[in-house]
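The values are calculated or read from the model by the stated rules, or taken from the named source; none is laboratory data. Since we're looking at a predicted model, the values are computed, not measured. Neighbour counts run over all protein chains shown; Cβ positions are idealised from the backbone, glycine included. Side chains are part of the model used for accessible areas, which takes the heavy atoms of the whole protein and leaves out ligands, DNA and RNA. Shrake-Rupley method; radii C 1.70, N 1.55, O 1.52, S 1.80 Å.
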Amino acid sequence: MTRSELIAELSAAYPHLLTRDIERIVHAVFDEIGAALARGDRVELRGFGAFLPRERAARTGRNPRTGDVVPVEEKSVPFFKVGKELRERVNQRLSTRKNAD
């Protein structure tokens with residue numbers, strides 16, 4: 001699902017709200033998650049999961065085109081850890097689909 005699809009779904013589910021207001025809310029939520037990760041904070045959405053920054057150590061990499069050895073600097077990358085409730089919902093859906101086959 002893309003951001004625009006999410007906004008369309010929410011607009012259909014909440015017709016009393018203006019689409020531009022829903023768009024602002026969705027952008028504000030995503031912007032705040034990104035800002036928190038940039039600060040090094042963890043963002044937890046109960047029942048869904050947690051976003052957290054992970055540190056990757058410096059290493060030696062390889063340029064795939066030339067094969068040259070290149071240094072890769074240490075960096076921080078976003079990581080998503082799925083919550084128990086979401087994991088169970090996804091697994092329940094998969095097991096239901098397997099039983100139907």
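Peptides 13-24, 67-78, 42-53 ordered by packing proxy, namely the average of other Cβ atoms within 10 Å per residue, highest first: 42-53, 13-24, 67-78.
Counting only residues at least eight positions apart within a chain, or on another chain, the aspartates and glutamates with an alpha carbon under 14 Å from that of Lys75 are Glu55.
Taking a point 7 Å from the Cα of Glu85 along the Cα-to-Cβ direction, the residues of region 6-47 with backbone N closer than 12 Å to it are 45-47. A Förster radius of 30 Å, combined with the Cβ-Cβ distance separating Met1 from Val69, puts the computed FRET efficiency at roughly 0.15.
FRET efficiency for the Arg46 to Lys98 pair, using the beta carbon distance and R₀ = 22 Å, is estimated at 0.20. In the context of the full set of protein chains, residues of region 5-53 present 70 Å² of accessible surface per residue (probe radius 1.4 Å, heavy atoms only).
Given the options Phe80, Gln92, Phe48, identify the residue whose Cα lies farthest towards the positive end of the charge dipole of region 1-93 (+1 on Cβ of Lys, Arg; -1 on Cβ of Asp, Glu). Sorting the options by dipole projection puts first Gln92. Rounded to the nearest 20 debye, the dipole magnitude of the chain is 440 debye, with +1 charges on Lys and Arg beta carbons, -1 on Asp and Glu beta carbons, and the Cα centre as origin.
What is the percent of Cα-Cα separations in the chain that go past 19 Å? Please list the in-between numbers first.
Numbers: 3380 of 5050 pairs.
Here the tail beyond 19 Å accounts for 67 percent of pairs.
In this structure the amide hydrogen of Gly49, modeled in the peptide plane, comes within under 5 Å of the amide hydrogens of Gly83, none closer than 5 places in sequence on its chain. Over the chain, Cα pairs under 8 Å with separation of 6+ residues give a relative contact order of 19 percent. Rolling a 1.4 angstrom probe over the chain with all protein chains present gives an accessible area of which 53% lies on carbon and sulfur atoms.
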